[in-house]
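Heads up, the thing below is written out as structure tokens.
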Amino acid sequence: MGTGPKGQTPVLPGGEVGAIARAAEVLRGGGLVAFPTETVYGLGADALAPAAIAKIFLAKQRPADNPLIVHVADVDGARALVREFPALAGRAATLWPGPLTLVLRRNERVPDATTAGQDTVALRVPDHPVALALLRACGRPLAAPSANRSGRPSPTLAQHVLADLDGRVDLILDGGPTRHGLESTVLDLTGRRPLLLRRGAVTLEQLQALLGEVDSVEDGDEAARARSPGLRHRHYAPRATVELVDEGTGEIAVARALAAGQRVALVCRRDVRGVAIVERLPDGLPAYAQALFASLRALDAAGLDRIVVEAVPEQGIGAAIMDRLRRAAAG
Ligand code: TXA
Ligand code: MG
């Protein structure tokens, strides 16, 4: 696999049996396959093969200290990779297949390369027919970070994967736009109490209803933050500067940018007049989440200096949206 000219990586329809069989063969041979999940596209490799895992870090230009999520076909697949599967994990796993990743104590089958040397492993069962068919066909757990180059928004379309990783991945399975559009919720179950490491489509409220008290790394101290290696790295950042403003105040920020001679766009959930480039996203928060990363990528391709984004209410998946927007704005 090289890093040569554009147009090298084949894109196959994920719904076809032949495509799944070919992708499974690539994975069993230690190669890389990008595939759709219900959250975002993943860049997959055999989670138990260190040489294959090394290719993921190289292709993404991912910092070596950031561990990968391991995807499995079912709960038994997860149990096979951990030292203990506590009762809380059993309860949380009732949300599988789904956009929830559980951090548990790994066993000796999981190589250091996959967990970046951590004693824990992040596991999830994806809720997508193509991902599940691929997992079953190759018969291996698949390590798969989001299939973007590090620092870019996660891909919600096969074309996004191609834009970031053409020639760096052996095969892309196209499953159309991903349903949630934001990465999975990550929950650490290795401590005294469950710790929410990353917000996602499964909300904190849902987890509390299921598991009782759940801490959040956002409110945590240094020790809590140390349990989330992903927090150390820049994320979800388009090339343009992202400015997060209160809902209904976008025009003011746009006017300020224009006065400074910048090329600027406004992302919001309402109709706005008098602003040249407006990306109006759906009012409903699930639909907004689904569309967000594609919008950021499209605006970024337009070569803007600044993207002004209006805040959304932090209810339901709105909390995960705001988490991603804050990180993009901090870039
Ligand atoms: O929805 C998703 O989770 C997507 C799809 C492809 O499944 N994957 C994804 O992977 O978003 P990635 O690598 O972009 O994000 C994984 C996050 C990172 O923040 C990483 O630090 C954290 O999970 N993580 C992985 N293993 C961990 C571990 N052992 N302990 C703590 N955090 C871990
Ligand atoms: Mg990622």
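The single condition among (1) surrounded by 14 or more Cβ atoms within 10 Å (Cβ to Cβ); (2) in contact with a helix residue (DSSP H, G or I) (Cβ under 6 Å, 6 or more places away or on another chain); (3) of a type outside the set (Asp, Glu) that residue 282 does not satisfy is (1). Return yes or no: is residue 56 within 16 Å of ligand 2 (Cβ to nearest atom) and farther than 30 Å from residue 212 by Cβ? Judged against the criteria, residue 56 is a match. Look at (1) within 16 Å of ligand 2 (Cβ to nearest atom); (2) among the charged types (D, E, K, R); (3) without any contact (Cβ under 8 Å) to a residue 40 or more places away in the chain; (4) assigned to a loop (DSSP other than H, G, I, E, B) and you find that residue 192 fails only one, number (1).
Residues that are open to solvent by 40 Å² or more (accessible area, probe 1.4 Å) and among the hydrophobic types (A, V, I, L, M, F, W, C) were ranked within the range 49-79; the one that is nearest to residue 107 (Cα to Cα) is 75.
State whether one or more residues within the range 141-153 are under 23 Å from residue 299 (Cα atoms), within 8 Å of ligand 1 (Cβ to nearest atom) and open to solvent by 20 Å² or more (accessible area, probe 1.4 Å). Yes, the conditions are met somewhere in the range 141-153. Residue 2 meets the conditions (1) part of a loop (DSSP other than H, G, I, E, B); (2) modelled with pLDDT of 95 or more in every case but one. The failed one is (2).
Is it true that some residue in the range 23-37 is part of a strand (DSSP E or B) and within 16 Å of ligand 2 (Cβ to nearest atom)? Yes; the residues of the range 23-37 include at least one that is part of a strand (DSSP E or B) and within 16 Å of ligand 2 (Cβ to nearest atom).
Applying a threshold of 7 Å to beta carbon distances and a minimum spacing of six or more residues, or different chains, the list of pairs starting in the range 46-74 at a residue that is assigned to a helix (DSSP H, G or I) and ending at one that is β-branched (Val, Ile, Thr) and surrounded by 14 or more Cβ atoms within 10 Å (Cβ to Cβ) reads 53/114; 59/169.
The values are calculated or read from the model by the stated rules, or taken from the named source; none is laboratory data. Owing to the predicted nature of the structure, the values given are computational and were not obtained by experimental measurement. Using ideal geometry, Cβ is built from the backbone for each residue, glycine included, and neighbour counts are taken over all protein chains shown. Protein only, heavy atoms only, side chains kept; ligands, DNA and RNA dropped before computing areas. Shrake-Rupley method; radii C 1.70, N 1.55, O 1.52, S 1.80 Å.
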